[in-house]
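*Asks:* Sharing a structure, written as structure tokens. Questions coming.
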Amino acid sequence: MSGTHSLRVRLLGGMLAVFTLGLAASLASYRYQVNNIVKDVRGRTLEAQARELLAALHVGTDGRIELGLSENWQQVYADPSRQFSYTIFDQARQPLARSRNLAAPLPYVPVVGASPLGPVEFVGVGSKRRAVLAAKSPEGYVLVIARSGSDPDILIDSLFEEDSEHLLVLAPLAILAPLLIWMISGWSLRPIARKSREAALVGPRRPDIRISLDGLPREIQPLVEAVNGALDRLSSAYSTERRLTANAAHELRTPLAVLNLRLQRARLTGTINWPAIEGELGQMSRLVDQLLDLARKESMSREGSVEQAPVVNLSRIVREAAATVVPLMEAQARPLIVDVPDVVLLRGGADDLRDMIRNLLDNALLHGRGTVIARIHPVAGGVTIEVIDEGPGVPSGQEEFVFERFRKLNADSPGSGLGLAIVRQVARTHGGDARFVAGRGRVVLTLPSTIPYAAPPLRKRIGMNAGD
């Protein structure tokens with residue numbers, strides 16, 4: 001498959017690159033140290049030679065210079081094959097004496113500063129290249145001491161090659177390193193392989209399985225947590241779809257059976273009861289619409305946060321929802337009073353909030369009595385919506401029961417029992433909740449809002465009565 005790669009191979013390549021760079025840096029550092037050692041040894045040798053000659057230098061009563069060297073040093077300075085040599089200069093920079101292994105005096109090198117020893121310098125080229133050091137005696141004579149020999153770079157290379165034999169101990173490690181890295185990377189990735197087998201078990205028949213975090217590296221755990229979160233959302237969506245299918249099958253069974261009986265009776269009698277059939281079809285249509293609407297609202301609650309929703313005017317939404325039920329209220333000769341501020345702002349979905357208020361008003365219309373009041377008033381951190389009627393309300397202990405799907409206190413009452421379930425779902429999607437006040441026809445919704453009112457909460461009462 002194009003675009004794929006092996007993490008294990010990448011780890012191997014990266015570790016080998018680091019190992020190679022480290023080895024190269026070590027060798028470069030070692031050569032640098034060897035270079036410094038060679039320079040230091042050459043300088044120390046010349047300084048020791050200069051101090052030896054200064055200690056052996058004597059000026060006789062006749063002004064002649066004498067060197068009280070040992071027999072060994074005399075042989076060294078007499079042997080042309082040896083590396084050491086010297087020349088003594090007077091204050092006029094004229095050579096007074098030189099070692100017997102020199103055919104000509106060494107070039108004069110001045111001593112600068114208060115120190116009796118000057119710095120190490122190199123004179124000559126090729127095979128005649130020498131390292132020289134000048135030393136000044138108390139009598140004012142200048143000794144130029146030289147050491148000839150191999151070129152410094154050749155000496156460094158020779159010393160490097162000689163001592164680098166010890167680096168051969170790294171050869172077995174360099175050979176074993178790829179194998180060790182391959183084994184370690186495989187051992188490190190083994191928990192991921194185990195978790196991939198766990199993930200393979202997730203499916204429609206086992207939607208509750210999640211990938212455990214035990215044994216996983218800390219760097220992989222955020223990815224696994226994100227995958228588990230995605231599985232939770234998918235499982236919730238799958239459960240919702242299953243519940244929708246089961247509810248639809250259960251609730252449509254009776255209307256379909258009744259409709260089938262009516263059609264069979266029409267075929268036997270030749271008479272079609274169109275009002276009854278239209279009523280059954282209308283009931284099924286409303287049920288399907290409510291089920292789809294509830295499923296859509298549950299899906300939206302999982303997809304995003306209300307914090308990203310647009311700002312809407314809740315007062316206007318309540319007035320719009322109330323206007324849709326005015327004809328029904330007038331048909332029952334029941335008053336409807338809307339008591340809301342001019343502007344109440346919050347974040348949310350206007351359509352869902354309108355459906356929520358409409359379902360509350362429908363509930364009061366179908367199951368309540370007398371005047372219906374829709375009211376909004378501010379509370380700490382949000383707003384409260386109340387829908388009140390003059391009916392007996394919900395008996396004590398049944399306040400949560402009526403918010404469940406297809407739950408009706410009176411099985412013969414109209415409706416499918418989904419309206420209040422939709423109300424609570426929308427309220428919770430917006431960060432609030434819905435509840436019944438026991439013993440009274442009063443539903444209270446609380447919705448959070450951090451947006452201040454755009455205008456003072458001037459109340460507006462709109463009385464709607466049949467026949468007004």
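*Asks:* Before we move on, is GLY370 over 46 Å from the mean Cα position of the chain (by Cα) and either crowded, with 22+ Cβ neighbours inside 10 Å or of a type outside the set (Ser, Thr, Tyr) (or both)? Steps first, answer last, please.
*Replies:* Working: over 46 Å from the mean Cα position of the chain (by Cα): yes; either crowded, with 22+ Cβ neighbours inside 10 Å or of a type outside the set (Ser, Thr, Tyr) (or both): yes.
Yes; evaluated as a whole, the condition is true for this residue.
*Asks:* Please count how many residues of segment 323-336 are within 16 Å of ASP351 (Cβ to Cβ) and in contact (Cβ under 8 Å) with a residue 12 or more places away in the chain.
*Replies:* 1
*Asks:* Report, by residue number, each residue of segment 312-351 that is under 13 Å from ALA374 (Cα atoms), surrounded by fewer than 18 Cβ atoms within 10 Å (Cβ to Cβ) and touching a strand residue (DSSP E or B) at 6+ places or on another chain (Cβ under 8 Å).
*Replies:* If the condition is that a residue be under 13 Å from ALA374 (Cα atoms), surrounded by fewer than 18 Cβ atoms within 10 Å (Cβ to Cβ) and touching a strand residue (DSSP E or B) at 6+ places or on another chain (Cβ under 8 Å), then ARG319, VAL326, PRO335, ILE337, ASP339 are the ones that fit.
*Asks:* Tally the residues that are within 19 Å of ALA331 (Cβ to Cβ) and outside any strand (DSSP E or B), restricting the search to segment 342-397.
*Replies:* 17
*Asks:* I would also like to ask the following. Is segment 293-313 home to any residue that is at pLDDT 75 or above, of a type in the set (Val, Ile, Thr), under 47 Å from the mean Cα position of the chain (by Cα) and not in a helix (DSSP H, G or I)? Working first, answer last.
*Replies:* Keep residues of segment 293-313 that are at pLDDT 75 or above, which gives 309-313.
Restricting the remaining residues to those that are of a type in the set (Val, Ile, Thr) gives 311-312.
Next, from what is left, pick out any that are under 47 Å from the mean Cα position of the chain (by Cα): 311-312.
Among the residues that remain, those that are also not in a helix (DSSP H, G or I) are: 311-312.
Within segment 293-313, one or more residues are at pLDDT 75 or above, of a type in the set (Val, Ile, Thr), under 47 Å from the mean Cα position of the chain (by Cα) and not in a helix (DSSP H, G or I).
*Asks:* To continue, here is another question. Evaluate the following for GLU225: is it part of a helix (DSSP H, G or I) and modelled with pLDDT under 75?
*Replies:* Taking the combined requirement at face value, the residue does not satisfy it.
The values are calculated or read from the model by the stated rules, or taken from the named source; none is laboratory data. It should be emphasised that the depicted structure is a prediction, and the values quoted were computed from it without experimental measurement. Don't worry about glycine lacking a Cβ; one is built from the backbone with ideal geometry, like all the others, and counts go over all protein chains shown.
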